[in-house]
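In what follows, a single structure is set out as structure tokens and then discussed.
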């Protein structure tokens, strides 16, 4: 078992969620149960699944949660691309967020590889 609070990938995922919450505050009110909620939910899912999986007793189980976390990061990235295309965010914000997401995805991949080798 890992102490998820010490995992840099978890810390970065939490930071990303905070950024997403702040950005989506500016989304239109009629998106409250659409793009706003979905973006927040998927951003939180990244950190949540890292935390939950880290408490599992086997590396194989942890990897399953890491895969879910990685899927949530792809879902969030897709929502951000759509948000930029419909004018809720700008290209600069999108590029910054995609850089963060890419870094988290690489860290998840590395952690999965490490779990496979132990």
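Quick look at the numbers
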| read-out | value |
| --- | --- |
| Residue count, the stretch 1-24 (criterion: in contact with a helix residue (DSSP H, G or I) (Cβ under 6 Å, 6 or more places away or on another chain) and in a loop (DSSP other than H, G, I, E, B)) | 1 |
| Residue in the stretch 81-92 that is more than 21 Å from residue 30 (Cα to Cα) and either surrounded by 15 or more Cβ atoms within 10 Å (Cβ to Cβ) or in contact with a helix residue (DSSP H, G or I) (Cβ under 9 Å, 6 or more places away or on another chain) (or both) present | yes |
| Test: residue in the stretch 107-115 that is outside any loop (DSSP other than H, G, I, E, B), in contact with a helix residue (DSSP H, G or I) (Cβ under 7 Å, 6 or more places away or on another chain) and modelled with pLDDT of 95 or more | yes |
| Conditions (1) crowded, with 19+ Cβ neighbours inside 10 Å; (2) touching a residue at least 24 places away in the same chain (Cβ under 8 Å); (3) within 12 Å of residue 9 (Cβ to Cβ): number failed by residue 103 | (1) |
| Top-ranked residue of the stretch 25-48 - restricted to ones that are in contact with a helix residue (DSSP H, G or I) (Cβ under 7 Å, 6 or more places away or on another chain) and touching a residue at least 40 places away in the same chain (Cβ under 8 Å), ranked as nearest to residue 62 (Cα to Cα) | 46 |
| Qualifying position, being crowded, with 19+ Cβ neighbours inside 10 Å and under 20 Å from residue 113 (Cβ atoms), among 8, 50, 68 | 50 |
| Sole exception among (1) modelled with pLDDT under 95; (2) under 15 Å from the mean Cα position of the chain (by Cα) for residue 10, by number | (1) |
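The values are calculated or read from the model by the stated rules, or taken from the named source; none is laboratory data. The shown structure was predicted, so the numbers you read here are calculated from the model rather than taken from an experiment. Counting neighbours? That spans all protein chains shown, and the Cβs are built from the backbone with ideal geometry, glycine included.
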